[in-house]
Amino acid sequence: MELIHHVDAVRKRLDPLRAEGKRIALVPTMGALHDGHLALVREARRLADVVVVSIFVNPTQFGPGEDYERYPRPLDADLHRLEALPGVRFVFAPTVNEMYPGAAGAREPISLVVDQLDDALCGRHRKGHFDGVTTVVAKLFNIVRPHVAVFGLKDAQQFVILKRMAHDLFFDVDVVGVPTVREEDGLAMSSRNVYLTESEREQAVVLSRTVAQAVSRVRKGEQRVSGIVTAMLETMAGAADARVQYAEVVDAETLQPIERIQPSQNILVAVAAFLGETRLIDSAFITAPAHIRNVASEA
Ligand code: AMP
């Protein structure tokens with residue numbers, strides 16, 4: 001495994017491998033690696049010959065007052081974790097200046113802008129977040145030029161937006177999603193879980209429970225989104241210290257809110273909440289049953 005800090009060096013290593021016909025996979029991360037990240041690496045290994053893991057805490061996807069400064073950066077421990085996993089060929093860990101040579105981490109004169117797909121969910125509450133995410137991932141795609149890029153479905157809105165970005169901007173890369181890896185009690189693994197106090201950690205399981213209950217309501221044929229969201233908020237209220245930011249059911253492709261779930265509709269159930277200072281998210285993609293009533297066709 002080779003640690004690379006510079007864009008030129010990535011190109012120099014990968015160009016000959018690409019020319020040899022090797023399939024290259026990219027796994028973008030912000031480090032503080034846990035088993036969720038490692039699941040992405042395993043999937044990348046399965047899909048490609050050469051796996052590149054990037055570790056970069058991207059300043060442009062953090063809003064004012066968010067945790068950019070204190071975000072964990074345990075690079076040595078991350079390298080050890082990756083070393084223990086067979087198959088990672090390169091780790092790309094650039095500096096902010098390397099990735100943002102024009103602006104040194106401030107907003108750049110040229111960047112991507114996400115519209116509509118960030119009206120709901122995290123995008124509504126983290127203005128500019130997905131502009132930062134798409135900009136940095138586009139840079140990584142152009143640096144690594146992977147055949148395949150692997151992301152977690154845990155960041156569901158991010159996944160939908162990046163898949164759409166690759167399609168709409170004609171990036172020649174397959175964007176692949178990996179299901180959320182969870183702790184034993186159901187809490188989605190996250191680099192931010194280390195911020196939680198013991199009591200917050202115990203209560204944090206409420207997010208996965210809320211999502212699971214909503215999924216089960218959809219599976220049973222419940223179609224009225226307001227009823228599902230009310231039940232989600234009731235479950236969330238069971239955790240005294242959880243402050244809900246959103247609980248939503250949206251269309252899985254457009255990410256627009258829906259009022260009534262249609263037969264076989266692909267939907268996304270998602271929740272975000274603060275436990276103390278720590279913001280956690282959870283979600284599930286689900287296809288509604290085919291046999292429920294099609295209100296549009298009844299009209
Ligand atoms: P991050 O380092 O938090 O930016 O995450 C890097 C990648 O790992 C993203 O594609 C995330 O969606 C993915 N990821 C983070 N947590 C999990 C998890 N618990 N299960 C699966 N993928 C995850």
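Between a residue in the range 288-299 that is among the hydroxyl-bearing types (Ser, Thr, Tyr) and any residue that is part of a helix (DSSP H, G or I) and modelled with pLDDT of 85 or more, which pairs come within a Cβ distance under 6 Å, given they are 6 or more apart or on different chains?
none
Do any residues in the range 178-204 that are in contact (Cβ under 8 Å) with a residue 12 or more places away in the chain have Cβ atoms under 8 Å from those of residues that are surrounded by fewer than 18 Cβ atoms within 10 Å (Cβ to Cβ) and assigned to a strand (DSSP E or B), where the two are at least six apart or on different chains, and which pairs are they?
Every condition considered, the pairs that remain are 188/182; 189/182.
Quick check on the range 145-168: of everything there that is free of Cβ contacts under 8 Å to residues at least 40 places away in the same chain and more than 14 Å from the ligand (Cβ to nearest atom), which residue is farthest from residue 17 (Cα to Cα)?
Step one: list which residues in the range 145-168 are free of Cβ contacts under 8 Å to residues at least 40 places away in the same chain, which gives 158-159, 162-163, 166-168.
Pick out the ones that are also more than 14 Å from the ligand (Cβ to nearest atom) and you get 167-168.
Working: 167: 25, 168: 27 Å.
Filtering the range 145-168 for residues that are free of Cβ contacts under 8 Å to residues at least 40 places away in the same chain and more than 14 Å from the ligand (Cβ to nearest atom), the one farthest from residue 17 (Cα to Cα) comes out as 168.
Given (1) within 16 Å of residue 59 (Cα to Cα); (2) more than 16 Å from the ligand (Cβ to nearest atom), where does residue 119 come up short, assuming only one miss?
So residue 119 meets the others, but not (1).
Just for the range 193-203: of the residues that are within 16 Å of the ligand (Cβ to nearest atom) and crowded, with 17+ Cβ neighbours inside 10 Å, which one is nearest to residue 239 (Cα to Cα)? Let's see the steps before the verdict.
If we filter the range 193-203 for residues that are within 16 Å of the ligand (Cβ to nearest atom), which is where we start, we get 193-196, 201.
Add one more test, that the residue is crowded, with 17+ Cβ neighbours inside 10 Å, and what stays is 193, 195-196, 201.
Working: 193: 16, 195: 17, 196: 14, 201: 11 Å.
By that ranking, first place goes to 201.
Can we say residue 98 is open to solvent by 30 Å² or more (accessible area, probe 1.4 Å), in contact (Cβ under 8 Å) with a residue 24 or more places away in the chain and touching a His at 6+ places or on another chain (Cβ under 7 Å)? Step through it out loud before you land on a result.
Working: open to solvent by 30 Å² or more (accessible area, probe 1.4 Å): yes; in contact (Cβ under 8 Å) with a residue 24 or more places away in the chain: yes; touching a His at 6+ places or on another chain (Cβ under 7 Å): yes.
Against the criterion (open to solvent by 30 Å² or more (accessible area, probe 1.4 Å), in contact (Cβ under 8 Å) with a residue 24 or more places away in the chain and touching a His at 6+ places or on another chain (Cβ under 7 Å)), residue 98 qualifies.
Are any of the residues in the range 106-121 surrounded by 17 or more Cβ atoms within 10 Å (Cβ to Cβ), in contact with a Cys (Cβ under 9 Å, 6 or more places away or on another chain) and modelled with pLDDT of 95 or more?
no
Mind listing whichever residues of the range 68-95 are among the acidic types (Asp, Glu), open to solvent by 20 Å² or more (accessible area, probe 1.4 Å) and in contact (Cβ under 8 Å) with a residue 24 or more places away in the chain? It would help to see each step written out before you state the result.
The initial filter retains those residues of the range 68-95 that are among the acidic types (Asp, Glu), namely 69, 76, 78, 83.
Those still in the list that are open to solvent by 20 Å² or more (accessible area, probe 1.4 Å) too: 69, 76, 83.
Selection gives 83 alone.
Answer with yes or no whether residue 210 is more than 16 Å from the ligand (Cβ to nearest atom), modelled with pLDDT of 95 or more and under 19 Å from residue 269 (Cα atoms).
Working: more than 16 Å from the ligand (Cβ to nearest atom): yes; modelled with pLDDT of 95 or more: yes; under 19 Å from residue 269 (Cα atoms): yes.
Criteria met by residue 210.
Across the range 7-58, what is the number of residues that are open to solvent by 60 Å² or more (accessible area, probe 1.4 Å) and under 25 Å from the mean Cα position of the chain (by Cα)?
Looking only at that region, the number is 6.
Would you point out which residue out of 141, 151, 171 is of a type in the set (A, V, I, L, M, F, W, C) and closer than 20 Å to residue 272 by Cβ? If you could, list the steps in order and put the result at the bottom.
On the way: 141 fails: closer than 20 Å to residue 272 by Cβ; 171 fails: closer than 20 Å to residue 272 by Cβ.
Within the list 141, 151, 171, the selection yields 151.
Please pick out the residue among 150, 175 that is in contact with a Gly (Cβ under 9 Å, 6 or more places away or on another chain), of a type in the set (A, V, I, L, M) and either open to solvent by less than 10 Å² (accessible area, probe 1.4 Å) or not in a helix (DSSP H, G or I) (or both). Quick ask: steps written out before the conclusion?
Numbers: 175 fails: in contact with a Gly (Cβ under 9 Å, 6 or more places away or on another chain).
Step by step, each of 150, 175 is checked, and only 150 is in contact with a Gly (Cβ under 9 Å, 6 or more places away or on another chain), of a type in the set (A, V, I, L, M) and either open to solvent by less than 10 Å² (accessible area, probe 1.4 Å) or not in a helix (DSSP H, G or I) (or both).
Residue by residue through the range 26-71, note down the ones that are outside any loop (DSSP other than H, G, I, E, B) and in contact with a His (Cβ under 7 Å, 6 or more places away or on another chain). Let's see the steps before the verdict.
Kept after step one, since they are outside any loop (DSSP other than H, G, I, E, B), are these residues of the range 26-71: 26-29, 35-47, 50-55, 59-61.
Within the range 26-71, 29, 61 meet the criteria.
For the range 204-299, please list each of the helices (runs of 4 or more DSSP H) lying entirely inside it that holds at least 3 residues being surrounded by 19 or more Cβ atoms within 10 Å (Cβ to Cβ). Walk me through it before giving the result.
Details: elements: 205-219, 225-236, 295-298.
Helices (runs of 4 or more DSSP H) meeting the threshold: 205-219, 225-236.
The values are calculated or read from the model by the stated rules, or taken from the named source; none is laboratory data. The shown structure was predicted, so the numbers you read here are calculated from the model rather than taken from an experiment. Cβ atoms come from the backbone with ideal geometry, glycine included; neighbour counts cover every protein chain shown. Just the protein is used for accessible areas: all its heavy atoms, side chains included, with ligands, DNA and RNA removed. Shrake-Rupley method; radii C 1.70, N 1.55, O 1.52, S 1.80 Å.
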